[in-house]
1. Can you pull out the strands (runs of 3 or more DSSP E) entirely within the range 213-275 that have at least 3 residues that are in contact (Cβ under 8 Å) with a residue 40 or more places away in the chain and among the basic types (Lys, Arg)?
2. Going residue by residue through the range 42-64, is there one that turns out to be within 11 Å of the ligand (Cβ to nearest atom), out of contact with any His (no Cβ under 9 Å at 6 or more places or on another chain) and not hydrophobic (A, V, I, L, M, F, W, C)?
3. Can you say whether Val75 is aliphatic (A, V, I, L, M), surrounded by fewer than 16 Cβ atoms within 10 Å (Cβ to Cβ) and within 30 Å of Phe47 (Cβ to Cβ), as far as the supplied structure shows?
4. Within the range 151-167, take every residue that is more than 15 Å from the ligand (Cβ to nearest atom) and closer than 22 Å to Cys214 by Cα and give me the one that is surrounded by the fewest Cβ atoms within 10 Å (Cβ to Cβ).
5. Here's a check for you: in the range 174-224, which residue that is β-branched (Val, Ile, Thr) and closer than 20 Å to Tyr116 by Cα is nearest to the ligand (Cβ to nearest atom)?
6. From the residues in the range 121-150 that are closer than 18 Å to Tyr182 by Cβ and either buried (at least 24 other Cβ atoms within 10 Å of the Cβ) or polar (S, T, N, Q) (or both), which one is farthest from the ligand (Cβ to nearest atom)?
7. Which one of these is of a type in the set (A, V, I, L, M), on the phi < 0 side of the Ramachandran plot, more than 18 Å from the chain's Cα centre (by Cα) and surrounded by 16 or more Cβ atoms within 10 Å (Cβ to Cβ): Leu185, Leu225?
Amino acid sequence: MNNSALIDLEIKFLLEGVYQVYGYDFKNYSEASLRRRLLHWLSSSDFDTLSQAQSQLLRDRDLFETLLQGITVTVSEMFRDASFFKAIREQVVPYLKTYPFVKIWHAGCATGEEAYSMAILLLEEGMQGRFRIYATDINEAVIRSAQEGIYPLKDLQNFTRNYQRSGGSGSFSDYYTARYDYAILSPSLRENIVFAAHNLTADAAFGEMNLILCRNVMIYFKTALKDQVLELFDSSLVAGGFLCVGTKESLDNRKISGRYEELTPRAQIYRKRYA
Ligand SMILES: C[S@@+](CC[C@H](N)C(=O)[O-])C[C@H]1O[C@@H](n2cnc3c(N)ncnc32)[C@H](O)[C@@H]1O
């Protein structure tokens, strides 16, 4: 067996072990990117091979947490893909306003930027007291960071530009306080958000959501896992609710696609049909 095939085998054993011990199922993540990330983690560890690392990874939760950080891609930004948020503001919010109260789920929220962006947008649209945002991620470390709502000041120029392009009606600087090299988001934004750990491959559906965003998460999943997670979203969403995926993603050729209509071409916003 050549070295590359041996590494594939080690990955297979490791992922099965991780699943059995910790319940995280990475077996249906896209192979190429997972392999690259595992080998990158290995190169920064004290181990020479994944099989050497395996016995300790399966016994030492803290070590496993470092692997989890290495496997998950957690980059995000506020008002990421400004035209997407503009479409939410202009084409989805008018529907949301017809409900007395709406529930929104950001699945795979990473460090929270997307959820805070949504809170700002809905507050600017006059929906104060009429929404709750559930922001979840498999990675508990990023959830802890999201709860703090503190971001490097160097990112704020980009965040501000995105906010303006997305149709922001105020001044972005009203939403944070600069301290040293960091921007601390206004704690009042957090009042509308519940951050929690949730694993899309294993945990239960949420009930009666009006809007679900899962952007730049399923790109790392194989087709079968995408379909499984989309079913989870479908069962969490009310009829007439909205499902949003990332700019490089779509519902084309997915099992649930017949149950949805595309709200706007290229905005990756889908509306669940009434039966
Ligand atoms: C690239 S970030 C996307 C952040 C944000 N949605 C955005 O588009 O800016 C992907 C996130 O998905 C999370 N993730 C990966 N697999 C997951 C799973 N099975 N369940 C929940 N979250 C997951 C990762 O931990 C990571 O924080």
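Rule-based calculations on the coordinates, nothing more; no lab input. This structure is a prediction, so every number in the text was calculated from the model and none was measured. Glycine also receives a Cβ, built like all others from the backbone with ideal geometry; neighbour counts cover every protein chain displayed.
1. Numbers: elements: 237-245, 260-264, 269-272.
So the answer is none; nothing clears 3.
2. Going through the range 42-64, the residues within 11 Å of the ligand (Cβ to nearest atom) turn out to be none.
No, that holds for no residue.
3. Working: aliphatic (A, V, I, L, M): yes; surrounded by fewer than 16 Cβ atoms within 10 Å (Cβ to Cβ): yes; within 30 Å of Phe47 (Cβ to Cβ): yes.
So Val75 fits the description; yes.
4. Of all residues in the range 151-167, those more than 15 Å from the ligand (Cβ to nearest atom) come to 152-154, 156-157, 160-161, 164-165, 167.
The next check asks that each one be closer than 22 Å to Cys214 by Cα; those that pass are 165, 167.
Numbers: Arg165: 14, Gly167: 18.
Going through the qualifying residues, I end up with Arg165.
5. Val217
6. First, the residues of the range 121-150 that are closer than 18 Å to Tyr182 by Cβ: 141-142, 144-150.
Pick out the ones that are also either buried (at least 24 other Cβ atoms within 10 Å of the Cβ) or polar (S, T, N, Q) (or both) and you get 145-147.
Details: Ser145: 10, Ala146: 9, Gln147: 14 Å.
This residue is Gln147.
7. On the way: Leu225 fails: more than 18 Å from the chain's Cα centre (by Cα).
Going through Leu185, Leu225 in turn, the sole match is Leu185.
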